[in-house]
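See below for the structure under consideration.
Just so you know, all these numbers are worked out from the coordinates, no wet-lab data involved. Note that the structure is predicted; figures quoted are calculated from it, not measured. Glycine also receives a Cβ, built like all others from the backbone with ideal geometry; neighbour counts cover every protein chain displayed.
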There are 2 protein chains.
Amino acid sequence: MAAFTLDPHFQSPIRKQQMSSSFPNDSVGLVEPQSLKFDKALALVCGKVLEKYELVYETYGDLNATQSNAVLICHALSGDHHAAGFHQPDDKKPGWWDSCIGPGKPIDTNRFFVVSLNNLGGCNGSTGPNHLNPDTGELYGPDFPIVTVQDWVESQSRLADALNIKKWAAVVGGSLGGMQALRWSLDYPDRVGHAVMIASTPKLTAQNIAFNEIARKAITSDPEFYEGHYYRHQTVPTKGLMLARMIGHITYLSDESMGEKFGRDTKSQAFNFGYGVEFEVESYLNYQGKRFSQTFDANTYLLMTRALDYFDPAADFGGSLEDALAHAKCSFLVVSFSTDWRFSPERSELLVEAMVKAKKNVAYAEIDAPHGHDAFLIPTPRYMAIFSSYMDRIANEVEKSES
Amino acid sequence: MAAFTLDPHFQSPIRKQQMSSSFPNDSVGLVEPQSLKFDKALALVCGKVLEKYELVYETYGDLNATQSNAVLICHALSGDHHAAGFHQPDDKKPGWWDSCIGPGKPIDTNRFFVVSLNNLGGCNGSTGPNHLNPDTGELYGPDFPIVTVQDWVESQSRLADALNIKKWAAVVGGSLGGMQALRWSLDYPDRVGHAVMIASTPKLTAQNIAFNEIARKAITSDPEFYEGHYYRHQTVPTKGLMLARMIGHITYLSDESMGEKFGRDTKSQAFNFGYGVEFEVESYLNYQGKRFSQTFDANTYLLMTRALDYFDPAADFGGSLEDALAHAKCSFLVVSFSTDWRFSPERSELLVEAMVKAKKNVAYAEIDAPHGHDAFLIPTPRYMAIFSSYMDRIANEVEKSES
């Protein structure tokens, strides 16, 4: 019995890339998601077992002959497999990390074979709450088991097996994605050359958990939530999910960047003295919340925030991150941003300190940027310079060992 | 026609104070709210007019012969007139600012006559959304006009008239209360000796407004809100108000104080892998939110957050706080707290800078305290020392001019 099957409906992205020419030179161009079905049971940390599941992913660039130039991209709370390039010639926006992935970009697709997947429990193709539960014939909904960062790494390792990648040149992620990179270094020390953790943290603070709890409460309080069975009722908890996203959004931006973007600008010349939108920042948040609530699945949002809450690799080592890191064999790049108050530079420094104590190779940079947590998505010059130079070193290592 | 009438149902708090002896020596003891009815129409900034209204207040200490020792306490978002002492002999908790008001405390009731009111639009006795609208015979609900900080100052000036107080020795407030103190100094420069602004700001930032907007959205999205007419439906938007309070609560505490209080402590030994309460901080927030939602009025919450949003006394002076302050005649004490990220020390420094430029007397202290915005309620030693010493100077001035 095969542990995975290639879905015949999906095409290789390579062919399509060659067809396109209307994209910027530093874009991977047109890409198409691929899919793999796994029928080897996955025992989850929560105690439940997923008998079968599907992972949707994209790849950019070419895998070299020795399969040594592969880079895994791990996504954050609301991300997915579409990290770079375009799905349609007329797409207005490229993938979520297109600023960092492409020819000549920090994750240079002329040199690396990049794999980006939608995580298990996601809502954009990979098996998750909005998929059929084979046991019931209904959508999983709230019966989809809670998955943890550790489970994601396990499922990603099977994807690596399927793609014939024995060792990642690098596992790279921002925010929750950085947690996956860290977990890879601990769970599969021999399969990771470098772990890159950007705007991340070794565990959430009480304040981080508090924000997540309010977001969850907003969703579960929505009468359209039906304890997670909203699909059955042909509805979605739009208002709750909108609120959850608005709460999250505040924590992605800095006070400074919100101030620069909106200040106290008003929608109309004079105040209306009511509870409609008066300030531009209200309008922006409402728009962002509404848009998100129309495309993202509420059960997945709950699941992703819980994966964040639970993450604490030091917990199994009496709270010692240094002891946890003793197992890692890779080198690390840790990057933080000065105005990120969600996962502040102090959180990254905790990580770096433990890595140094555990005698690991680690490079650390705090980037002075005004954009808060979102800075990991924004190609500011010093960030790009440091990220590029680190990835360049990896590509050089890879190419040297190949020649 | 009298502009105000004393309510015969309310007693002077003085008598009761003398009856009690089971309270700490530095407590004002048993107090009883009083009430005044005003029938002189109040034209509000929003353009609407309140024909009649009632203000509920408490007083502590004795007014001196020349009425020169009166101090006005202005409350913050969820505060009320009950700032010090106890309503019942078996009350477990005293008024909200009992730490700072009482015999020998910074606002020393042996020397000052202290007045503390529930603001117009409040939900604890003064006329507000949960009062009868004389025009309709129904409760005001959402038809209660939006009141601004300026309107509060106007209504407070009428309370001062009624109490025969021509000039306050000091107007004192924390957070939104500090905004009222500032507005007093601008609107009634001859009626304020000193303005004390603690953990306050000259205007909200975009981030502050964003938090308020999400809180409002949580309330107005609750199906039990009925566009503010929930009283008619014999219900209250408990879940929305609970969420609003939880969101607010995060901004009152610092990341540091939440970490110290809860860290990542869990409710049970092992994780349950579900969306029930797993962490202590979730339990705390849920409890705080629930308790608040059972006692506070949702329409008042909306109104108070809007008063915060709109406050910007510099706006009438082309954005120049310095020009706005040119009208002030009082001296100022400004206090901020190092870990307050709701109204950070930088916000207070903006105020102080403008005061200095406008050549006003101003004393400023940033207190090193871990409690975030809530620090203004917590009697830490350096805070108490500075606050006491400033108020002591005022009392000395008052007593010197009397003798």
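Counts of other chain beta carbons within 10 angstrom of each beta carbon in peptide A:278-288 average 4. With label points defined 7 Å past Cα in the direction of Cβ, position A:Lys92 shows copy-to-copy spacings of 5.4 nm, given to one decimal and shortest first. When only alpha carbons are used to place a centre, the stretch A:124-185 and the stretch B:127-146 end up 54 Å from one another.
Only the Cβ atoms of Lys and Arg (+1) and of Asp and Glu (-1) were treated as charged; on that basis the dipole of the stretch B:208-307 about its Cα centre amounts to roughly 300 debye. Measuring from centroid to centroid over Cα atoms, what is the spacing of the stretch A:384-402 and the stretch B:253-281 in Å? Rounded to whole Å, the Cα centres lie 40 Å apart. Near the amide H of B:Glu366, within less than 5 Å, lie the amide hydrogens of B:Ser336, all on another chain or at least 5 residues away, with H placed in the peptide plane. Is there a pair in B:Lys360/B:Lys400; A:Lys105/A:Lys290; A:Lys261/B:Lys48 whose C-alpha atoms are over 26 Å apart, and which pairs would that be? The answer is A:Lys105/A:Lys290; A:Lys261/B:Lys48. Looking at the square roots a ≥ b ≥ c of the eigenvalues of the Cα gyration tensor of the stretch A:231-273, which shape do they give, rounded for a/c under 1.5, prolate if a/b is larger than b/c, or oblate? It is oblate, given that a/c is not under 1.5 and a/b is not larger than b/c. In angstrom, the C-alpha Rg and Dmax of the protein assembly as shown are 29.8, 100. A rounded overall shape is assigned to chain A, the ratio a/c of its alpha-carbon gyration tensor axes (a ≥ b ≥ c) being less than 1.5. Couplings 3J(HN,Hα) for the stretch A:94-101, derived from phi with the Karplus relation 6.51 cos²θ - 1.76 cosθ + 1.60 (θ = phi - 60°), are x, x, 5, 10, 4, 5, 10, 10 Hz, where x marks Gly and Pro. Per residue of B:199-206, other chain Cβ atoms within 10 Å of the residue Cβ number 4 on average. Along its principal axes, the stretch B:9-152 has C-alpha extents of 47, 34, 27 angstrom, given from the largest down. What is the log10 of I(q)/I(0) for the stretch A:73-165, computed with the Debye formula using one identical point scatterer on each Cα and no solvent, at q = 0.15, 0.18, 0.19 Å⁻¹? These q points yield log10 I(q)/I(0) values of -0.70, -0.93, -1.00. Toward the positive end of the charge dipole of the protein assembly as shown, about the Cα centre and with charges on Cβ (Lys, Arg +1; Asp, Glu -1), which of B:His75, B:Ala363, B:Phe279 goes farthest? Towards the positive end, the residue furthest out is B:Ala363. Among A:His373, B:His131, the order by Cβ neighbours within 10 angstrom, fewest to most, reads B:His131, A:His373. Within the protein assembly as shown, antiparallel bridges make up roughly 35 percent of the DSSP beta bridges whose residues both belong there.
Rounded to the nearest 20 debye, the dipole magnitude of the protein assembly as shown is 120 debye, with +1 charges on Lys and Arg beta carbons, -1 on Asp and Glu beta carbons, and the Cα centre as origin. Within chain B, DSSP assigns beta bridges of which about 35% are antiparallel (rounded to the nearest 5). Between A:His131, A:Asn164, A:Leu55, the Cα set farthest toward the positive side of the dipole of chain A (charges on each charged residue's Cβ, about the Cα centre) is that of A:Asn164. Each copy carries a label point for A:Glu322 at 7 Å from Cα toward Cβ; from one copy, the others' points are 5.3 nm away, ordered from shortest. Per-residue packing, averaged as other Cβ atoms within 10 Å, sorts the ranges B:41-51, A:348-358 into the order A:348-358, B:41-51, beginning with the highest.
A dipole drawn for the stretch B:208-307 from +1 and -1 charges on Cβ atoms has a positive end, and of B:Thr295, B:Thr235, B:Ala215 the residue lying farthest that way is B:Thr235.
Inter-chain neighbour count for B:215-222: the average number of beta-carbon atoms from partner chains within 10 Å of each residue's beta-carbon is 5. Axis between A and B by rotation; chain A residue with nearest Cβ and distance in whole Å recorded as A:Pro223, 3. Each Lys and Arg adds +1 at its Cβ and each Asp and Glu adds -1 at its Cβ; summed about the Cα centre, chain B shows a dipole of about 320 debye. With the helix formula -39500 (n - 2.57) applied to DSSP H stretches of n ≥ 4, the protein assembly as shown reaches a computed 222 nm mean residue ellipticity of -11000 deg cm²/dmol. Remark on the stretch B:208-307: hydrodynamic radius 14.6 angstrom, per the Kirkwood mean of 1/r across alpha carbon pairs. Sorted from closest to farthest, the other copies place their B:Arg393 label points 5.5 nm away, with each point set 7 Å from Cα along Cα→Cβ.
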